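A short worksheet on the structure shown next.
The values are calculated or read from the model by the stated rules, or taken from the named source; none is laboratory data. Just so you know, these numbers come straight off a predicted model, no measurement behind them. Using ideal geometry, Cβ is built from the backbone for each residue, glycine included, and neighbour counts are taken over all protein chains shown.
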């Protein structure tokens, strides 16, 4: 034996629980990481079961890791209904719809978890704020974290379009308040007689009506009619408008960073590089060369970016970890773009010989009380 298991042999199997979608690789990979540490495989309660029975968490659970509810159509449908949306909602695969209602439904789930009194790896209350870009922005500004200037976008499309038309030129990032994985994020530029919206979405028709669907290929729209249509669907769901800060560019495209902060320390990080304004890796963008970035900006600037990520995570002191997106401007200054309560899916990355999930699992296990020996 390696000495790890013996410390915990007398602990009940339910000392550590998970809430998530069991079929998702997030859950499978985290369970595997815990097992590799010599611990019992953590029990996972599915969101589908929890939505049916809000007291279905593992009995005797001392610590709960709340994982993402995403990538499950049935869960999304139930959250939308719980949040005041239609009870029989039908969304096309990848459709961007009922974001506000889905968020409200998930906030109810987080409330249910809080009411159990179970200790959580990441605080349900803080997850709720991380899932709201405007609330997160306000917390960052209050705590002195560098952020692109931002404001709530008008929910009425005509008011927003009037704002744009009232300025001869401009550029903004417009992001859904409660979106994730780049869903619905729009990079908008305009000048006299010209406009351009770039986003990982496409316009589709259903029963003669236009809908927006997530696309793994970033699309560019230049037609005013298309742009107005896109905004008329997204804006009423709630969006934040941010100043477009030009990103640092290396050979191969513009770059930003995803930094995983665990227990207040910047650990695993990846360079995201794209020739488009939206850099999410699942959109066909590439992992940039970390050594090349380090050589280009210097160790001091990279450390400053890491400290900025740590400062952002410190705004959520009751959460063990968070993924922080850091953009570097053309003067190599760091800004926090977003914080993600579930930003730990970083396969094949290691730091001090540990994968992201191994590092988080170790940090979780360190929070558990020592077993009482007779």
Does region 1-11 contain at least one residue that is at pLDDT 90 or above and over 22 Å from residue 131 (Cα atoms)? no
Within region 322-362, considering residues that are in a helix (DSSP H, G or I) and touching a strand residue (DSSP E or B) at 6+ places or on another chain (Cβ under 8 Å), the one nearest to residue 66 (Cα to Cα): 360
Regarding region 320-335, can at least one residue be identified that is under 17 Å from the mean Cα position of the chain (by Cα), under 18 Å from residue 16 (Cα atoms) and modelled with pLDDT of 95 or more? yes
Could you tell me whether residue 365 is surrounded by 16 or more Cβ atoms within 10 Å (Cβ to Cβ), assigned to a loop (DSSP other than H, G, I, E, B) and either in contact with a strand residue (DSSP E or B) (Cβ under 9 Å, 6 or more places away or on another chain) or at positive phi (or both)? no
Among the residues of region 305-319, are any at positive phi and assigned to a loop (DSSP other than H, G, I, E, B)? no
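A quick yes/no check of all residues on (1) crowded, with 17+ Cβ neighbours inside 10 Å; (2) closer than 18 Å to residue 156 by Cα:
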residue: 195; (1), (2): yes, no
residue: 205; (1), (2): no, no
residue: 221; (1), (2): yes, no
residue: 224; (1), (2): no, yes
residue: 227; (1), (2): yes, yes
residue: 232; (1), (2): no, yes
residue: 236; (1), (2): no, yes
List the number of the failed condition for residue 118; all other conditions in (1) modelled with pLDDT of 95 or more; (2) touching a strand residue (DSSP E or B) at 6+ places or on another chain (Cβ under 6 Å) hold. (1)
Matching option when the condition is outside the structural domain of residue 320 (by TED's automatic domain parsing), in a loop (DSSP other than H, G, I, E, B) and within 28 Å of residue 263 (Cβ to Cβ), among 145, 141: 145
Out of (1) over 30 Å from residue 262 (Cα atoms); (2) within 24 Å of the chain's Cα centre (by Cα), the odd one out for residue 87 is which? (2)
